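Shown next, in structure tokens, is the structure this report addresses.
The values are calculated or read from the model by the stated rules, or taken from the named source; none is laboratory data. Everything quoted here is computed from the prediction, not taken from an experiment. Backbone-built Cβ (ideal geometry, glycine too); neighbour counts: all protein chains shown. Just the protein is used for accessible areas: all its heavy atoms, side chains included, with ligands, DNA and RNA removed. Shrake-Rupley method; radii C 1.70, N 1.55, O 1.52, S 1.80 Å.
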Amino acid sequence: MLHLDTGNTGFMLLCSSLVMLMTPGLAFFYGGLVGRKNVLAIMMQSFVSLCWTTALWWACGFSLCFSGGSGGIIGDLNMAFLRNVKLDTPSPNDTIPMVVFCAYQMMFAIITPALITGAFANRVTFKAYMLFLTGWLLFVYFPFVHMIWGGGILQQWGVLDFAGGIVVHNIAGMAALASVIYVGRRRTKESGPHSIPLVALGTGLLWFGWYGFNAGSEFRVDATTAVAFLNTDLAASFAGVTWLALDWMQSRKPKFVGLLTGAVAGLATVTPAAGYVSPATAVLIGVVSGIVCYYAVALKNRIGLDDALDVWGVHGVGGALGIVLLGMFATTTFNPASTNGLFSGNPAFFLKQCAAVVLSSVWAFGFTYAMLWLINKVTPVRVSAMEEEAGLDESLHGERAYLEAV
């Protein structure tokens, strides 16, 4: 039965709007990082997810995630097309309507596959991307939402993920790694970000939206909401400064892109732990994520993986790291509804978190690689050499981001 709380409901509508804003923010972030000839192509991949994922979510995604399937891998179709969802249908938090819960969770579904696009930037056809977007949501994203947040097997096992360390970042990062290995290196390497101001704008929108992403995952306004909000900012700030310092020591210059990338790494890493740990732990998470993700990106560069925009190093590694650190530092002192971690005398919880990361990483990598292989049997996944040389904006979409100088 719904016990409507207008404060909680209004707060969750605001948080839904903030999380929605993250997808355009991601488009600006990625658009600034690529070259001038591929800006629209990668931005469109984010915006088309905003539209197509919404359609899939309404048709079956919400139901597969949050209807039936207790203790299983996937839900049922009892709420397909939002059937049986009425004005007074309660959500898992009975103070907000199910329609609000549906809208909030939809925004997570929209941005998660869009994260992957930074890995295979400038290389994938739009038709193949649309098939990939559909299949990846159905066979990777929806199952993990159900398993961890929808009453599925991992949730019943006791795995915790406050706002998407596994459900969003780890599986997107591992999918990015699989796609880079399958698609291969770019034939035409770009010199670097074509517009750092666009990257900064995108980071600002992402950071702003992340407060709704993390604080909103409490689904009500209480002290834990405030802690999650503060922890989000602390981790981002300390990770940004840590990455900046490492980059400064390495290149002898303080790089703006390094500061921005580090902040995003901190945001991704604190996501699963934001509502379960103390602010002091959030500071530690920020510093550790800045170091670990920086060297993950350095390792990627050293071994020659062409993850164009560092999706694996920032989101895949950051999300996994956050889940593991949560297993170590979780405390009921800051969330009585949580559990204690390794350093509070609960090694079993730490082991469950580690096992969940292994499962999600293998699943996301394997399904993504297999999906791309199957899609390539239907339509070419990779653009031609000529299309890549010309740039995807012109060759795939017939548009240009910038007017040519006269």
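Of all aspartates and glutamates in the structure, those lying under 18 Å Cα to Cα from residue 127, and not within fewer than 8 positions of it along the same chain, are 387, 388, 393, 394, 399.
Taking the chain as a Gaussian network of alpha-carbon nodes connected by springs under 10 Å, the highest mean-square fluctuation of the residues 113, 92, 279 belongs to 92.
Two numbers describe the Cα atoms of the range 97-176: Rg and Dmax, which are 13.6, 42 Å.
Here's the list of lysines a cross-link from residue 189 could span, going by alpha-carbon distance under 17 Å and ignoring same-chain residues fewer than 8 apart: 37, 300. The orientation-averaged shadow of the Cα convex hull for the range 1-71, equal to a quarter of the hull surface, comes to 7.1 nm². Accessible surface for the chain, divided over its residues, is 39 Å² per residue with a 1.4 Å probe.
For the range 336-406, a crude dipole built from +1 on the beta carbon of Lys and Arg and -1 on the beta carbon of Asp and Glu, taken about the Cα centre, is about 700 debye to the nearest 20. What distance in nm separates the simple spin-label points at residue 253 and residue 295, each placed 7 Å from Cα in the Cβ direction? So the label points at residue 253 and residue 295 sit 2.6 nm apart. Put simply, the amide H of residue 124, placed in the peptide plane, has neighbours under 5 Å in 383, leaving out anything fewer than 5 places away on its chain. With the contact rule set at Cα under 8 Å and sequence spacing of 6 or more, what percent relative contact order holds for the chain? After rounding, I find 23 percent.
In whole percents, the pair-distance distribution calculated for the range 300-406 from its alpha-carbon pairs, binned every 5 Å from zero, is 2, 10, 11, 13, 14, 12, 10, 8, 6, 6, 6, 2, 1, 0. Rounded to the nearest 10 degrees, the angle from helix 98-116 to the longest Cα principal axis of the chain is 30 degrees. Over the chain, dividing the summed -39,500 (n - 2.57) contributions of all DSSP H runs of at least 4 residues by the number of residues returns a 222 nm mean residue ellipticity of -20500 deg cm²/dmol. Taking the protein heavy atoms of the chain in the context of the full set of protein chains, the accessible area attributed to carbon and sulfur is 69 percent at 1.4 Å. Distance between the 7 Å Cα→Cβ label points at residue 5 and residue 127: 5.1 nm.
Taken as Cα centroids, the range 297-331 and the range 151-208 sit 9 Å apart, rounded to the nearest whole angstrom. When the alpha carbon gyration tensor of the range 69-124 is reduced to an equivalent ellipsoid, the three semi-axes, largest first, read 30, 15, 11 Å.
Beyond 40 Å, the tail of the calculated P(r) for the chain holds 11 percent of the Cα pairs. Fully extending the segment from residue 58 to residue 333, taken as 0.36 nm per residue of separation minus the present Cα-Cα distance, adds 95.2 nm. The distance from the alpha carbon centre of the range 19-35 to that of the range 223-259 is 19 Å, rounded to a whole number.
In this simple spin-label model, placing a label point 7 Å from the Cα along the Cα-to-Cβ direction at both residue 13 and residue 394 gives a separation of 4.7 nm.
The protection proxy used here, the mean number of other Cβ atoms lying within 10 Å of each residue, ranks peptides 285-291, 268-274, 391-397 as follows, highest first: 268-274, 285-291, 391-397.
If you line up the long axis of helix 347-378 against the longest principal axis of the chain, both from Cα atoms, how many degrees apart are they, to the nearest 10? Once rounded, the angle reads 40 degrees.
Computed about the Cα centre, the dipole magnitude for the chain is approximately 820 debye when only Lys and Arg (+1) and Asp and Glu (-1) carry charge, each at its Cβ. Between the alpha-carbon centres of the range 37-83 and the range 342-406 there is a gap of 17 Å. Can you give the Kirkwood hydrodynamic radius of the range 242-356 from its Cα pairs, in Å with one decimal? Evaluated on the range 242-356, it is 14.6 Å. Shape call for the range 194-285 from the C-alpha gyration tensor, a ≥ b ≥ c root eigenvalues: rounded (a/c under 1.5), prolate (a/b greater than b/c) or oblate? Verdict is oblate for the range 194-285. Our compactness index for the range 45-200, the C-alpha radius of gyration over the empirical 2.2 N^0.38 Å, is 1.14. Taking the Cα of residue 88, stepping 7 Å toward and past its beta carbon, and measuring to each backbone N in the range 1-26: which are under 15 Å? In the range 1-26, the label zone of residue 88 (backbone N under 15 Å from the point 7 Å along Cα→Cβ) covers 1-5. The angle between the Cα long axis of helix 126-136 and the main principal axis of the chain comes to about 20°, on a 0 to 90 degree scale.
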